[in-house]
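Participant: Would you mind keeping the following structure in view while I ask a few things?
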Amino acid sequence: MRKIIVQKFGGTSVADTEKIKNVAKTVIREKENGNDVVVVVSAMGHTTDYLVKMAHDLNPNPSSREMDMLLSTGEGVSIALLAIALQAAGYKAVSFNAMQIGIMTENVHSKARIIDIKTEKLRKNLNEGKIIVVAGFQGVTEDGEITTLGRGGSDTSAVALAAALNAERCDIYTDVEGVYTTDPRVVPNASRLEQISYEEMLELAHAGANVLHPRSVETAKQFNVPLRVRSSFKLDNSGTLILGVDNMEIYKPVAGVAADLSQARIVVCDVPDKPGSAALIFSKLANENISVDMIIQSYARKVSNTNDIAFTIDKSDLTKTLATLESLKSELNCGEIKVDDNIAKVSIVGAGMIDRPGIASTMFETLAENNINIRMISTSEIKISCLVDKDKAQQAVKALHKVFELESEEVAVVKGDLPDV
Ligand code: ADP
Ligand code: ASP
Ligand code: MG
């Protein structure tokens, strides 16, 4: 039986027609290797940002249904153009959007999860010898509503398709040569990782390393999809392989450093110190589909018998979060609600830090030496995150990258810089 390879090309890789021709060559090379190929593409260049900007010019708080209708159009352009380019090169190719295939998601706008992918149409077209080009980032609900998977979600479309089709491999082609020890745009002498475990990559992606959408890594881990990140501009490079931790040897305690600038911190002040207060806040936020990341509850103040509850959320959920908290204020009987979006979460990640003492203290000392104040701390078995002032984030990443000896002799190649819209 022929093997199926899923390839995904991000926005910079399909930013103009020359680049789309280049993508077609990479696709054709895989087809000529004797494989069946399913290609997932993102919207061209900065298209999605541009669509978001237009919507906000018209309405500061557009409905998430209409945003999904709008944003899903970006991918529609690139799939048709790539199929046209493949046909021009003499290959049979067909493009499909999520609705045509049946990429089924839950009924949530702007960050839906894929729950099922129908494979009949895909298999039929592959059997007819066609290269299939699929729109990333979008899905459809049982009721026929268009959804999107969250910014950067085309990676997840690709991995989910690879899982559904039992593909041999999922290759994510992007504008850097793989996964690096930190963002090579911030630290040019970051090192490319030959391999990284699903677990570490998942933590890095959640910590802000947007080279992969977190849910794509989660799906790859769940279905054991071999995942590779490679450069779409330099094909002789093997990139980074993401695989199960059992197959890896760990040399360093820290595999990578990441910063997330997309969070906001909320402090709910003077919450009565009694059972049920935290449950009330976080269950209401969960009902609104708002994900909460770091949480800190202060010691109860003896006199007033209240405490403060601070937590972080994604900035895109800020309006919804504040509205939800406002609606709770009288039931919760709390004080002021404070917001700070001038913050960044800086994280170190590594399976090698398990049972190795001193990693957290090295992180805190390094931040202190750089005069960077820590506002919140959270940890998992393989990650330590500190919330710092936003303008200190780059300095923190550089210092941590250095102290944990992650630098390389070479300077990373970052391709495809695009002008801002
Ligand atoms: P695409 O449009 O191909 O999906 P993205 O912009 O979503 O590309 O992701 C690639 C970018 O991720 C790189 O250009 C790089 O700046 C950024 N990045 C952040 N952290 C890392 C990391 N640890 N390794 C590689 N790239 C990273
Ligand atoms: N086009 C979408 C975005 O810009 C999805 C993606 O690129 O993965 O977020
Ligand atoms: Mg991306």
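Participant: Taking Asp143 as the residue in question, decide whether it is within 8 Å of ligand 1 (Cβ to nearest atom) and either hydrophobic (A, V, I, L, M, F, W, C) or open to solvent by 10 Å² or more (accessible area, probe 1.4 Å) (or both).
Facilitator: no
Participant: Wholly within region 267-367, which strands (runs of 3 or more DSSP E) include no fewer than the required count, namely at least 2 residues that are touching a Lys or Arg at 6+ places or on another chain (Cβ under 8 Å) and open to solvent by less than 50 Å² (accessible area, probe 1.4 Å)?
Facilitator: Here the list reads 306-314, 337-340, 343-349.
Participant: Just one of Val225, Val268, Val245 is farther than 24 Å from Arg113 by Cα and at pLDDT 95 or above; which is it?
Facilitator: Residue meeting the stated conditions: Val268.
Participant: Next up: Would you check which residues across region 11-47 are surrounded by fewer than 24 Cβ atoms within 10 Å (Cβ to Cβ) and closer than 15 Å to Gly152 by Cβ and list them?
Facilitator: The answer is Thr12, Gly45, His46, Thr47.
Participant: Among Phe223, Phe137, which is of a type in the set (Phe, Trp, Tyr) and within 13 Å of ligand 1 (Cβ to nearest atom)?
Facilitator: Residue meeting the stated conditions: Phe137.
Participant: Here is a further query. Does any residue of region 36-48 turn out to be more than 25 Å from the chain's Cα centre (by Cα), without any contact (Cβ under 8 Å) to a residue 60 or more places away in the chain and over 30 Å from Asp317 (Cβ atoms)?
Facilitator: no
Participant: Let me ask another. Restricting attention to region 344-376, which residues are of a type in the set (Val, Ile, Thr), over 18 Å from Ala205 (Cα atoms) and touching a Leu at 6+ places or on another chain (Cβ under 8 Å)?
Facilitator: Those that are of a type in the set (Val, Ile, Thr), over 18 Å from Ala205 (Cα atoms) and touching a Leu at 6+ places or on another chain (Cβ under 8 Å): Thr366, Ile374.
Participant: When you check Thr105 against the structure, is it open to solvent by less than 10 Å² (accessible area, probe 1.4 Å) and of a type in the set (S, T, N, Q), yes or no?
Facilitator: For Thr105, the condition - open to solvent by less than 10 Å² (accessible area, probe 1.4 Å) and of a type in the set (S, T, N, Q) - is met.
Participant: Quick check on my filter: what residues within region 185-207 are near ligand 1 (Cβ under 8 Å from one of its atoms) and crowded, with 22+ Cβ neighbours inside 10 Å?
Facilitator: Ala190, Leu204
Participant: For Arg215, are the conditions met, namely being open to solvent by 10 Å² or more (accessible area, probe 1.4 Å), within 16 Å of ligand 2 (Cβ to nearest atom) and not aliphatic (A, V, I, L, M)?
Facilitator: When the stated conditions are applied, Arg215 passes them.
Participant: Now a separate question. Within region 248-266, can you find the residues that are part of a loop (DSSP other than H, G, I, E, B) and of a type in the set (S, T, N, Q)?
Facilitator: Of everything in region 248-266, just one residue is part of a loop (DSSP other than H, G, I, E, B) and of a type in the set (S, T, N, Q), namely Ser262.
Participant: Taking the criterion of being within 15 Å of ligand 2 (Cβ to nearest atom), modelled with pLDDT of 95 or more and under 23 Å from Tyr173 (Cα atoms), would at least one residue in region 56-71 satisfy it?
Facilitator: Checked region 56-71: at least one residue is within 15 Å of ligand 2 (Cβ to nearest atom), modelled with pLDDT of 95 or more and under 23 Å from Tyr173 (Cα atoms).
Participant: Sort out which residues of region 61-119 are β-branched (Val, Ile, Thr), farther than 23 Å from Asp317 by Cα and in contact (Cβ under 8 Å) with a residue 12 or more places away in the chain, and write them in order of number.
Facilitator: Val77, Ile79, Val94, Ile101, Ile103, Ile117, Thr119
Participant: Please return the ranges of helices (runs of 4 or more DSSP H) entirely within region 1-116 where 3 or more residues are of a type in the set (Lys, Arg).
Facilitator: Per the criteria, 17-32.
Participant: If I filter region 8-23 down to residues being of a type outside the set (Val, Ile, Thr) and within 14 Å of ligand 3 (Cβ to nearest atom), which single residue comes out as farthest from Val225 (Cα to Cα)?
Facilitator: If we take residues in region 8-23 being of a type outside the set (Val, Ile, Thr) and within 14 Å of ligand 3 (Cβ to nearest atom), then Ala15 is farthest from Val225 (Cα to Cα).
Participant: Let me ask another. Could you grab me the full set of residues in region 117-138 that are open to solvent by 70 Å² or more (accessible area, probe 1.4 Å) and within 16 Å of Ala160 (Cα to Cα)?
Facilitator: Within region 117-138, Lys118, Glu120, Lys121, Arg123 qualify.
The values are calculated or read from the model by the stated rules, or taken from the named source; none is laboratory data. None of these values were measured; they are calculated from a predicted model. Virtual Cβ from ideal backbone geometry, glycine too; neighbours counted across all protein chains shown. Just the protein is used for accessible areas: all its heavy atoms, side chains included, with ligands, DNA and RNA removed. Shrake-Rupley method; radii C 1.70, N 1.55, O 1.52, S 1.80 Å.
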